[in-house]
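Asker: Take this structure first; my questions come after.
The values are calculated or read from the model by the stated rules, or taken from the named source; none is laboratory data. Quantities reported herein were computed from a predicted structural model and do not represent experimental measurements. Note: ideal-geometry Cβ built from the backbone for every residue, glycine included; neighbour counts use all protein chains shown. Only protein heavy atoms, including side chains, enter the accessible area calculation; ligands, DNA and RNA are left aside. Shrake-Rupley method; radii C 1.70, N 1.55, O 1.52, S 1.80 Å.
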Amino acid sequence: MKELHIDLKIEFCSLEELSDSDRSLVETACTMTTTSYAPYSHFQVGAAIRLKDGQVFRGSNQENAVFPVGLCAERTAFFAASASAPQTPPVCIAIAAQSKGVFTAHPVTPCGACRQALLEAETRFHQPIRVLLYGTEGIYIVPSIKSLLPLTFDGSELA
Ligand code: THU
């Protein structure tokens, strides 16, 4: 039997070690947690997405009494970017979260639905989206969305 190996290299660093533009994106994601509407989970997520031309779009999770109607921070930011600059590839997304008012020690990673949504942009623009995941104990730097969603369904088999 043959084996398929999937490698993922995640870098781990402090806020101070990031470049100015990456640190600024992470700080924006942290700030965006304060705009979250999360009366049900009390889990406030912020996201900031940077496009190839340097524009930054922001999002936070928006919950609803009908739970599935709510939307994650990542898709809120990504759809805002895509609606405003549909032809400009996203190149980096930063995510931060507070649980009951305290930033998480360990990075929070995007849910499967957000990974799939962001994968669409990577596929469409042939451009990886770096992922910066904030935790108070350090930041994960993930090279692409595809690396977080191996064996992806990217629509290439659709007729
Ligand atoms: N949430 C996000 O916004 N992004 C994530 O990466 C994980 C989860 C939100 C959805 C919901 O409002 C709350 O966090 C609890 O799941």
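Asker: Could you list, in sequence order, the residues of the range 108-131 that are within 17 Å of VAL91 (Cβ to Cβ), out of contact with any Cys (no Cβ under 8 Å at 6 or more places or on another chain), in a helix (DSSP H, G or I) and open to solvent by less than 50 Å² (accessible area, probe 1.4 Å)? Steps first, answer last, please.
Answerer: The initial filter retains those residues of the range 108-131 that are within 17 Å of VAL91 (Cβ to Cβ), namely 110, 114-115, 117-131.
Add one more test, that the residue is out of contact with any Cys (no Cβ under 8 Å at 6 or more places or on another chain), and what stays is 115, 117-128.
With the extra rule that they be in a helix (DSSP H, G or I), the set shrinks to 115, 117-125.
The answer is ARG115, ALA117, LEU118, LEU119, ALA121, GLU122, PHE125.
Asker: List the pairs whose first member sits in the range 37-52 and is within 16 Å of PRO68 (Cα to Cα) and near the ligand (Cβ under 7 Å from one of its atoms), whose second member is of a type in the set (S, T, N, Q) and open to solvent by 60 Å² or more (accessible area, probe 1.4 Å), and whose Cβ atoms are under 9 Å apart, counting only residues at least 6 apart or on separate chains?
Answerer: Partner pairs satisfying both residue conditions: ALA38/GLN62.
Asker: State whether one or more residues within the range 132-140 are in contact (Cβ under 8 Å) with a residue 60 or more places away in the chain, under 21 Å from SER21 (Cβ atoms), touching a strand residue (DSSP E or B) at 6+ places or on another chain (Cβ under 6 Å) and open to solvent by 20 Å² or more (accessible area, probe 1.4 Å).
Answerer: Going residue by residue through the range 132-140, those that are in contact (Cβ under 8 Å) with a residue 60 or more places away in the chain are 132, 134, 138-140.
In the following step, the residues that additionally are under 21 Å from SER21 (Cβ atoms) were identified as 132, 134, 138-140.
Applying the additional criterion that residues be touching a strand residue (DSSP E or B) at 6+ places or on another chain (Cβ under 6 Å) yields 132, 134, 138-140.
Add one more test, that the residue is open to solvent by 20 Å² or more (accessible area, probe 1.4 Å), and what stays is 134, 140.
Taking every residue of the range 132-140 in turn, at least one turns out to be in contact (Cβ under 8 Å) with a residue 60 or more places away in the chain, under 21 Å from SER21 (Cβ atoms), touching a strand residue (DSSP E or B) at 6+ places or on another chain (Cβ under 6 Å) and open to solvent by 20 Å² or more (accessible area, probe 1.4 Å).
Asker: Do you know which of the residues in the range 60-78 that are in a helix (DSSP H, G or I) and touching a residue at least 24 places away in the same chain (Cβ under 8 Å) is farthest from the ligand (Cβ to nearest atom)? Lay out the reasoning, then the answer.
Answerer: Going through the range 60-78, the residues in a helix (DSSP H, G or I) turn out to be 67-69, 73-78.
After this cut, where a residue has to be touching a residue at least 24 places away in the same chain (Cβ under 8 Å) as well, the list is 67, 73-78.
Working: PHE67: 8, ALA73: 4, GLU74: 6, ARG75: 8, THR76: 8, ALA77: 10, PHE78: 11 Å.
By that ranking, first place goes to PHE78.
Asker: Out of the range 25-58, which residues are over 18 Å from THR109 (Cα atoms) and open to solvent by 60 Å² or more (accessible area, probe 1.4 Å)?
Answerer: Just the residues of the range 25-58 that are over 18 Å from THR109 (Cα atoms), to begin with: 34-35, 37, 39-40, 51-57.
Within the range 25-58, THR34, THR35, TYR37, TYR40, LYS52, ASP53, GLN55 qualify.
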